[in-house]
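Everything on this sheet refers to the single structure shown next.
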Amino acid sequence: MRIAIIGGSGVYDPGILSNIREERVDTPYGTAVVKVGTYQGEEIGFMPRHGEKHTVPPHRVNYRANIWALKMLKVERVLATAAVGSTNPGYRPGDFVIVNDFLDFTKTRTYTFFEGGEMGVVHTDFTTPYCPELRRLLVETAAGLGIKAHDGGVYACTEGPRFETPAEIRMIRQLGGDLVGMTNVPEVILAHEGGLCYGLIAMVTNMAAGISATPLSHAEVLEIMDQNGKNLRDLIMQTIPR
Ligand code: HPA
């Protein structure tokens, strides 16, 4: 299997994959469930990051099992989606951002496959955390579809599951973060350690705390994801064959 999709909030369904079956993959970190379906004659994997019914909060996702399972299935490319808040006035709700870098403000996660022992001590280069080739394809495909997708943005990952305070958002903005979300660390780290070509399509669902005029809610996040679901699916499905 060459390509897998990791669906974030609002993306629980592989959409246009057909003949879907479920594979349970046992990894050294636990079992991961991957849906496998076909699209244009090719097998594609799909993983809903929070579980099918959004039952797994960001700090409890088994990121290592998920990425290890994709490696075991011989996946080379991962197209991931994430709902994010924006700290950048130029990135508005409904916009897509093809992320090119991250900041880490998480606190309780496991960040690596390399814990010494059998796996050894490995210091992976993170000059390009997100796959440049896949980023280019996503930006080009979005342009072709007439979908507004910003080429690059810095994703700041917070621990959650609560949303941020206004002071945290001011800090993140000052430190160079454009977007805030709760899941991309350690997902992108593990994918990059595993040598996967990993691309992230972030969808802005709200202006971040203190910038937004109203308190944030998960319902608001899901509503914007729902409104843009078709564009997101189109972008993913048109990028896959390229
Ligand atoms: N903060 C953190 N995660 C998010 C947000 C936010 O404002 N919106 C969607 N996911």
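The values are calculated or read from the model by the stated rules, or taken from the named source; none is laboratory data. Everything numeric here is computed off the predicted structure, so don't read it as measured data. Note that we place each Cβ from the backbone using ideal geometry, even for glycine, and neighbour counts take in every protein chain shown. Accessible surface is based on the protein model in full, side chains and every heavy atom, while ligands, DNA and RNA are left aside. Shrake-Rupley method; radii C 1.70, N 1.55, O 1.52, S 1.80 Å.
When you restrict to C-alpha pairs under 8 Å that are six or more residues apart and normalise by the size of segment 9-77, the relative contact order lands at 30 percent.
Stokes-Einstein diffusion for segment 1-63, with the hydrodynamic radius set to the Kirkwood value over Cα pairs and evaluated at 4 °C in a medium of 1.567 mPa s, equals 106 µm²/s.
Rg and Dmax over the alpha-carbon atoms of segment 188-232 stand at 14.5, 41 Å.
For Lys148, give me every one of the aspartates and glutamates with a C-alpha distance below 15 angstrom, ignoring sequence neighbours fewer than eight places off in its own chain. Leaving aside aspartates and glutamates fewer than 8 places away in the same chain, those within reach of Lys148 are Asp95, Glu140, Asp234.
Placing one equal scatterer on every Cα of segment 122-242 and applying the Debye formula, the log10 ratio I(q)/I(0) at q = 0.10, 0.12 Å⁻¹ is -0.36, -0.52.
Sorting 139-146, 39-46, 77-84 by their mean Cβ neighbour count within 10 Å, with the most densely packed peptide first, gives 77-84, 39-46, 139-146. Eigen-decomposition of the gyration tensor built on the alpha-carbon atoms of segment 23-101 gives equivalent ellipsoid semi-axes of 26, 17, 12 angstrom, largest listed first. Of the listed residues Asp104, Asp178, Asp151, the order by accessible area with a 1.4 Å probe, largest first, is Asp151, Asp104, Asp178. Identify all aspartates and glutamates with a Cα-Cα distance to Lys53 below 13 Å; exclude those on the same chain that are fewer than 8 residues away in sequence. Result set, ordered by chain and number: Asp13. Ranked from largest to smallest solvent-accessible area, with a 1.4 Å probe on the protein heavy atoms, Lys71, Lys35, Lys53 come out as Lys53, Lys71, Lys35. Looking at the chain, the accessible area is 44 square angstrom per residue; that uses a 1.4 Å probe and ignores ligands, DNA and RNA.
Structural descriptor for the chain: relative contact order 27 percent, calculated from alpha carbon pairs under 8 angstrom and at least 6 residues apart. Taking the square roots of 5 times each eigenvalue of the Cα gyration tensor of segment 156-197, largest first, gives ellipsoid semi-axes of 24, 12, 6 Å. Taking the protein heavy atoms of segment 102-152 in the context of the full set of protein chains, the accessible area attributed to carbon and sulfur is 53 percent at 1.4 Å. The C-alpha radius of gyration of segment 49-148, expressed as a fraction of 2.2 N^0.38 Å, stands at 1.28.
Computed across the chain, the Kirkwood hydrodynamic radius from all distinct Cα-Cα pairs reaches 17.9 Å. Shown for the chain: cysteine residues without a partner Cβ closer than 4.7 Å, namely Cys157.
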